[in-house]
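The structure appears right after this line, and notes come after that.
Coordinate-derived values only; no laboratory data. Just so we're clear, the structure is a prediction, and the values are computed from it rather than from any experiment. Cβ coordinates were reconstructed from backbone atoms using ideal geometry, including for glycine residues, and neighbour counts include every protein chain displayed.
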Amino acid sequence: MPVQTSSNRKLKQVNDYAVADASTMLGQAGHFADRVRDPYPSRLSEPLDAPWLDRQEAVVKGRAEDGPLSQAQLDEFDRKGFLFEPNFIRGEELETLYRELNELLGRDDYRGRDFSITEPDSREIRSLFAVHFLSERFRRLAHDERLMGRVRQILGGDAYVHQSRINYKPGFEGKGFSWHSDFETWHAEDGMPGMHAVSASIVLTDNHAFNGPLMLIPGSHKVYVPCLGETPDDHHKQSLKRQEIGVPGRDALRQLVERHGIEAPTGAAGGLLLFDCNTLHGSNANMSPDPRSNIFFVYNRRDNACVEPFAARRRRPRFLAHEPGEAWSPQR
């Protein structure tokens with residue numbers, strides 16, 4: 001009789017949970033088979049016997065020769081799961097983008113729409129999604145070679161915009177956001193198969209320690225933390241305001257922070273933050289009078305296009321998860 005090692009027990013437990021989740025939540029024969037083989041199970045009813053699972057994919061798939069990032073920058077991204085470039089955009093271009101952001105946030109006809117997310121306790125817009133379809137200027141920025149070149153270099157292939165949004169955290173009132181891995185959500189609820197996605201966030205207002213900057217756990221992208229709790233139907237309506245399902249447990253967070261610490265890249269408007277889809281991140285409330293805003297593009301490698309969700313009954317709406325080549329437009 002073969003020896004039952006710890007690794008074998010963990011793999012068996014992962015597959016057992018995948019089978020149970022697939023049979024109770026999905027009920028589709030083809031996707032059931034995909035779930036059994038899923039290396040990234042989540043939204044479980046019980047925790048695994050380990051706090052996390054190993055990442056299966058490489059972080060950086062391209063080479064320094066393939067794009068604008070140096071070998072030192074690629075090495076930093078691979079090691080930490082993110083890279084901050086100050087002064088990526090400046091001058092008149094920065095001012096133009098900031099005006100465009102304010103024009104979109106100020107449109108009354110966007111308030112109350114499904115792609116416009118307000119603060120939990122007010123009508124202040126927190127996030128505006130699909131902005132590269134709402135704005136020609138942001139569409140051009142999303143496909144700008146300065147960004148696409150970095151994305152291809154990190155992902156090792158052509159990519160499309162899986163999601164775009166404006167994030168706005170008003171002074172005094174902007175709420176924080178719980179620790180999470182974007183990939184966990186995109187895998188569970190959008191059907192993103194593997195970790196072949198990168199986010200690009202351009203800060204359009206000065207980012208400092210007191211206006212709720214993004215915090216990241218360097219090195220956390222090298223492991224995958226399964227989360228507990230079944231995905232409710234239409235979960236996005238709650239999670240985009242205050243996420244409670246799809247957040248890692250405190251024991252796993254404590255261990256990862258003890259190992260790696262927390263970093264919050266700050267600096268003047270115009271900086272670019274690139275971060276891996278699986279890097280754990282969150283933010284505090286904005287207790288300063290200064291608003292914090294950024295334009296945010298998620299790039300997914302084309303051969304990693306989404307399938308059926310791995311831990312939800314149906315996909316999230318199209319404004320949250322675009323298809324390659326899709327031409328989305330807001331509907332009444």
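Here are the numbers for the structure shown:
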| quantity | calculated |
| --- | --- |
| Relative contact order of the stretch 129-209, pairs being alpha-carbon contacts under 8 Å that are 6 or more residues apart, as % | 27 percent |
| Non-local Lys pairs in the stretch 59-304, i.e. 8 or more apart or on different chains, that have alpha carbons under 30 Å apart | 14 |
| Segment Ala64-Glu263, extension gain: residue separation times 0.36 nm, minus the distance between their alpha carbons | 69.1 nm |
| Which of Glu103, Glu258 has the fewest Cβ neighbours within 10 Å, and the rest in rising order | Glu258, Glu103 |
| Taking Glu76, Glu92 and counting other C-beta atoms within 10 Å, the order from fewest to most | Glu92, Glu76 |
| Percentage relative contact order, the stretch 213-332, counting C-alpha pairs under 8 Å, at least six apart | 38 percent |
| Proxy reagent accessibility, fewest Cβ within 10 Å first, across Ser42, Ser116 | Ser116, Ser42 |
